[in-house]
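The values are calculated or read from the model by the stated rules, or taken from the named source; none is laboratory data. Keep in mind the model is a prediction, meaning the values are calculated, not measured. Cβ placement follows ideal geometry from the backbone for every residue including glycine, while neighbour counts extend to all protein chains displayed. When the accessible area is computed, the model is the full protein with side chains, heavy atoms only, and any ligands, DNA or RNA have been set aside. Shrake-Rupley method; radii C 1.70, N 1.55, O 1.52, S 1.80 Å.
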Amino acid sequence: MVGAAAVWALVGAAVLAQIVYPLVPDGALTTVTVTSVLLFSAASVADAARRHGTRGAAVLLVVAGGGGLLAESVGLATGLPFGEYAYSGTLGAEVAGVPAVVPLAWVMMAWPALVVGRTLARSGVGVALVGGVALAVWDVFLDPQMVDAGHWTWADPSPALPLVPGVPLTNYAGWVLVSVLMVGLLHRLVGPSDGPSGPAAALYVWTYGSSVLAHAAFFGLPGSALVGGVVMGLVAVPFAVALARRAAWTSPSTRVSRNPTSTSRWSR
């Protein structure tokens, strides 16, 4: 059984790696990128194991990691569903032409996205749709950053989102399709939830806030900072509000005030 302390330690390490990223020399950026994905994905897998046991962790790796690898390899070979693109060979070892770190990036965000979907939706279809969108909107930050860093290029990057050149709209449509299928399958297979996971929630909210800041202040990508902030914010802000309301509802003082047998009720 994976303990909460171990999961939070991995979350902290992943956050630290992302904080360090814009501060290191250019020659170390790729190493920090890969390290960040490894730590973040390890945190997600460990949290899935903490909540759902070994089976939950295995499902996450197979569905998100295997599904991400399949989608990326098909995308490279056929141009579907994302559009035609090519990796530049800067992200290390590859599997079927796909950098091994890329499927782990699907793993690292698929788990928090599932938690978002389960928090904001009730039905299975709703979880798949909301969680899939929660995963897909992250790419409004990811793709512009990786293209700007030279890790992959698009054969035809237009039409693109306003203020976010270099990444075609087909890419985001492909992300929505793959993400909805992926989160829907995870929801069906990973096991029932007894409430949102703190580490997963922290990872999603952190990714949103840090991405806006990094694109605006460190990466020189104000367009994706603005557009990504609005688009991902459509999910991240309601999610944060839902978490705050849940925390207020379950706080000890709130439980006492809502207990019909408590002295506070009868002392009015």
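Structural remarks
- For the range 231-246, a residue qualifies if it is in contact with a helix residue (DSSP H, G or I) (Cβ under 9 Å, 6 or more places away or on another chain) and among the hydrophobic types (A, V, I, L, M, F, W, C), and the qualifying residues are Val231, Met232, Leu234, Val235, Ala236, Val237, Phe239, Ala240, Ala242, Leu243.
- For Ala6, the criteria (1) open to solvent by 60 Å² or more (accessible area, probe 1.4 Å); (2) of a type in the set (A, V, I, L, M); (3) in contact (Cβ under 8 Å) with a residue 40 or more places away in the chain hold in every case but one, which is (1).
- Out of Leu29, Leu39, one residue alone is of a type outside the set (Ser, Thr, Tyr), open to solvent by 20 Å² or more (accessible area, probe 1.4 Å) and over 17 Å from the mean Cα position of the chain (by Cα). It is Leu29.
- The condition of being assigned to a helix (DSSP H, G or I), more than 17 Å from Val37 (Cβ to Cβ) and over 15 Å from the mean Cα position of the chain (by Cα) holds for Gly126.
- Any pair with Cβ under 7 angstrom, 6 or more apart, that starts in the range 92-118 at a residue that is closer than 10 Å to Val37 by Cβ and modelled with pLDDT of 95 or more and ends at one that is among the hydroxyl-bearing types (Ser, Thr, Tyr) and crowded, with 20+ Cβ neighbours inside 10 Å: Leu104/Ser41; Val107/Ser41; Val107/Ser44; Met108/Ser41; Met108/Ser44
- The set of residues from the range 222-252 being open to solvent by less than 30 Å² (accessible area, probe 1.4 Å) and either among the charged types (D, E, K, R) or farther than 30 Å from Asp194 by Cβ (or both) comprises Gly223, Ser224, Ala225, Val227, Gly228, Gly229.
- Qualifying residue in the range 105-121 (condition: charged (D, E, K, R), surrounded by 23 or more Cβ atoms within 10 Å (Cβ to Cβ), out of contact with any strand residue (DSSP E or B) (no Cβ under 6 Å at 6 or more places or on another chain) and at negative phi): yes
- The range 157-175: number of residues that are within 11 Å of Phe82 (Cα to Cα) and either open to solvent by 60 Å² or more (accessible area, probe 1.4 Å) or charged (D, E, K, R) (or both): 3
- Output for the range 176-205, where each listed residue is hydroxyl-bearing (Ser, Thr, Tyr) and either modelled with pLDDT of 95 or more or open to solvent by less than 20 Å² (accessible area, probe 1.4 Å) (or both): Ser179, Ser197, Tyr204
- On the stretch given as the range 71-94, residues that are in a loop (DSSP other than H, G, I, E, B), surrounded by fewer than 19 Cβ atoms within 10 Å (Cβ to Cβ) and not β-branched (Val, Ile, Thr) total 8.
- Annotation note: Cβ proximity below 6 Å between a residue of the range 63-83 that is farther than 19 Å from Tyr172 by Cβ and a residue that is outside any helix (DSSP H, G or I) and open to solvent by 60 Å² or more (accessible area, probe 1.4 Å) (sequence gap 6+ or interchain) occurs for Ser73/Ala96.
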